[in-house]
Amino acid sequence: MIVIDASALTKYILHEENWERIGAFIRERRPLCSVDHIVKEVGNAVWRHYSLRRAIDKAKAIKLYQALMKLVNTGVITLEPEVDYVQTALRIALEHGITLYDSLYVAQAQKHGELLTSDRNQAKVATGLGIKTYLIL
């Protein structure tokens with residue numbers, strides 16, 4: 001099963017460059033999985049797109065968040081509790097110099113075997129740990 005991280009899901013939800021490539025994974029390789037923290041991270045990216053960048057209006061921000069939740073509520077992306085991975089993630093973060101947030105997805109991918117990300121540093125760490133990694137920039 002492929003773990004999708006917040007960088008990739010944000011790219012998909014906000015229709016950023018190469019979002020269609022992530023959409024192909026969502027359509028063809030589902031269900032994907034993630035830690036429950038992803039809802040907060042992607043939700044915050046939508047908020048940032050609205051509040052700080054002024055790239056979208058409030059109605060669009062709400063619509064994008066609803067699209068995110070539809071992926072979760074319909075089982076396209078299954079969520080696991082982040083607390084299940086925090087201890088391993090902290091070790092990965094300390095050993096490899098990436099954030100605990102990013103390490104959560106790497107720790108989960110160690111269990112499931114694959115990671116879909118748009119984060120170069122996270123992809124490098126995951127690949128180094130023997131995880132099959134799909135990097136979409």
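Observations on the model:
- Selection within the range 1-16 - out of contact with any helix residue (DSSP H, G or I) (no Cβ under 7 Å at 6 or more places or on another chain) and either surrounded by 24 or more Cβ atoms within 10 Å (Cβ to Cβ) or over 15 Å from ARG53 (Cβ atoms) (or both): ILE4, SER7
- Put simply, of GLY113, GLY75, GLY97, GLY130 the only residue that is in contact with a strand residue (DSSP E or B) (Cβ under 7 Å, 6 or more places away or on another chain), surrounded by fewer than 13 Cβ atoms within 10 Å (Cβ to Cβ) and small (Gly, Ala, Ser) is GLY113.
- Residue satisfying all of: in the range 69-85; in contact with a Ser or Thr (Cβ under 9 Å, 6 or more places away or on another chain) and of a type outside the set (Asp, Glu); farthest from PHE25 (Cα to Cα) among these: TYR85
- Hits in the range 66-77 (condition: in a helix (DSSP H, G or I) and farther than 13 Å from ALA45 by Cα): GLN66, ALA67, MET69, LYS70, LEU71, VAL72, ASN73
- Selected residue (criterion: farthest from TYR105 (Cα to Cα)) from residues of the range 18-65 that are part of a loop (DSSP other than H, G, I, E, B) and touching a residue at least 24 places away in the same chain (Cβ under 8 Å): ASN18
Rule-based calculations on the coordinates, nothing more; no lab input. Every value quoted in this text rests on a predicted model; they were computed, and no experiment measured them. Virtual Cβ from ideal backbone geometry, glycine too; neighbours counted across all protein chains shown.
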